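For reference, the structure is listed below as structure tokens.
The values are calculated or read from the model by the stated rules, or taken from the named source; none is laboratory data. As the structure is a computational prediction, the values presented were derived from the model and not from experiment. Cβ placement follows ideal geometry from the backbone for every residue including glycine, while neighbour counts extend to all protein chains displayed. Accessible surface is based on the protein model in full, side chains and every heavy atom, while ligands, DNA and RNA are left aside. Shrake-Rupley method; radii C 1.70, N 1.55, O 1.52, S 1.80 Å.
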Amino acid sequence: MPLTREQIAQRVARELQDGFYVNLGIGMPTLVSNYVQIGVEVILQSENGMLGVGPYPTEDELDPDLINAGKETVTEIKGTAYFSSAESFAMIRGGHVDLAILGALEVSERGDLANWLVPGKMVKGMGGGMDLVAGARRVVVMMEHATKEGKPKILRQCSLPLTGKRCVSALCTDLAWIDVTQDGLVLRELAPGITVEEVQKKTEPKLITGHVKTMQV
């Protein structure tokens, strides 16, 4: 059975390591803040100038002055720092972000990423995507494996304008965990009840399969 958005976030949260500085992209990636494992200390960075983003607030914790880059209300952790967006992007461009977790419209078999523009549709701008894929030490993508029409979003070559080339390290979708390697896309984990054949049917490039595990969520 395909994973829910929350289950995808839970799986990706297991990639967070103690001491990491992490940027969560707009949309599904922001859910990861709710699933940081107990005992793991990470500092979540938002490019609007907040270092120390906490989980989503409960109703009695709402503070309209505390927002992330997607203009959603958030909480702060002890020691949270605030600064200008210029300083925030200096942190990103300086290579001080250990992990960027982003959404995607398309990903190619080489790890190219398209996540900011669909021609002909309204767009607010690319945000910090291009800086993050160039500056972060590792990029993990969260997304649905296929479009609502069932068309693959993991392609041999992206058809939409690129955010970055060869920048994605791994993908977690509602069907699988896939690593991007020099040899191609390696299928590592399957969502419970999902088969290799189901994933391949919704993936344009040929997947490399070997020892594939069932995802723990």
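Things to note:
Let's see how each residue does on (1) open to solvent by less than 50 Å² (accessible area, probe 1.4 Å); (2) touching a strand residue (DSSP E or B) at 6+ places or on another chain (Cβ under 6 Å); (3) without any contact (Cβ under 8 Å) to a residue 40 or more places away in the chain:
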position	(1), (2), (3)
Y21	no, yes, no
G27	yes, yes, no
I38	no, no, yes
P55	no, no, yes
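Listed here are the residues, each with its yes/no results for (1) in contact with an Asp or Glu (Cβ under 7 Å, 6 or more places away or on another chain); (2) under 26 Å from V42 (Cβ atoms).
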site: I101; (1), (2): no, yes
site: E109; (1), (2): no, no
site: G128; (1), (2): yes, yes
site: V141; (1), (2): no, yes
site: H145; (1), (2): yes, no
site: G150; (1), (2): no, no
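- Scanning the stretch 92-103 for any residue that is basic (K, R) and under 30 Å from T203 (Cα atoms) turns up nothing.
- Taken together, L31, L16 contain a single residue that is farther than 21 Å from Y82 by Cα, in a loop (DSSP other than H, G, I, E, B) and modelled with pLDDT of 90 or more, which is L16.
- Residue, farthest from G95 (Cα to Cα), within the stretch 158-187, restricted to residues that are outside any loop (DSSP other than H, G, I, E, B) and more than 16 Å from the chain's Cα centre (by Cα): L187
- Odd one out for V186, checked against (1) within 26 Å of K206 (Cβ to Cβ); (2) free of Cβ contacts under 8 Å to residues at least 24 places away in the same chain: (2)
- Residue in the stretch 148-157 that is surrounded by the fewest Cβ atoms within 10 Å (Cβ to Cβ), counting only those that are in a loop (DSSP other than H, G, I, E, B) and touching a residue at least 40 places away in the same chain (Cβ under 8 Å): G150
- Look at (1) under 18 Å from the mean Cα position of the chain (by Cα); (2) surrounded by 14 or more Cβ atoms within 10 Å (Cβ to Cβ); (3) of a type outside the set (G, A, S) and you find that E198 fails only one, number (1).
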